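Any read-out appearing in this document is the output of simple, stated calculations on the displayed coordinates, not a laboratory observation. The structure presented is a predicted model; accordingly, all values stated were derived computationally and were not measured. Quick reminder, even Gly has a Cβ in these numbers, built from the backbone with ideal geometry, and neighbours come from all protein chains shown.
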Amino acid sequence: MKKVIFIFFNTLFFVSIVFSQQINNLDRYNLEKKEPALAGVLEAIVPLVGHAYAGDINRGVVPTLISAGGLVLYFISLSSISLTSDFSSSLSTASLGLLIYAGGRIYGIVSAVNTANDFNKELKKKLNLSLVPIKNPKGNLVVGVSLKFDF
């Protein structure tokens, strides 16, 4: 009987250590994770800032260059309107520049959101944390900690 009680308490102790480690990892995840919506808003306000917040500024370089290229095309087209007699082609080139600029900005915002999501996935993997949807007593779906034991 003493052996069974000893094994029971050792198992309980082991499970409590593993569970407390998972809770610590969950706390760390909640502190370090990036909010995708905030990354998108920051990117919408200032190019590259959303990517910097999300942890990978290099992924924001291409959308920023596309937007900058669109602005350059727009301003060059506007300056050539007064110099040329072909008003409609300069205006359509200016419109194309604005379209390229808008496309680059939208691409940058989507990229910043995806970068934040990728950061969160990598953080979960690094912390060996698996969050699973569970139902709370009220019947609402919430995120909980899943314990796995590999022997």
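Fully extending the segment from K126 to A68 would add 17.3 nm, taking 0.36 nm per residue of separation and subtracting the current Cα-Cα distance. Taking θ as phi - 60° and the Karplus parameters 6.51, -1.76 and 1.60, the scalar couplings of segment 96-101 work out to 4, x, 5, 5, 5, 4 Hz in sequence order, x denoting glycine and proline. Charged neighbours of R59, selected by a Cβ distance under 12 Å, balance to -3 (K, R count +1; D, E count -1).
Phi angles of segment 55-72 translate, via the Karplus equation with coefficients 6.51, -1.76, 1.60 and θ = phi - 60°, into HN-Hα couplings of x, 8, 5, 4, 6, x, 5, 5, x, 5, 5, 5, 4, 5, x, x, 5, 4 Hz per residue; Gly and Pro are given as x.
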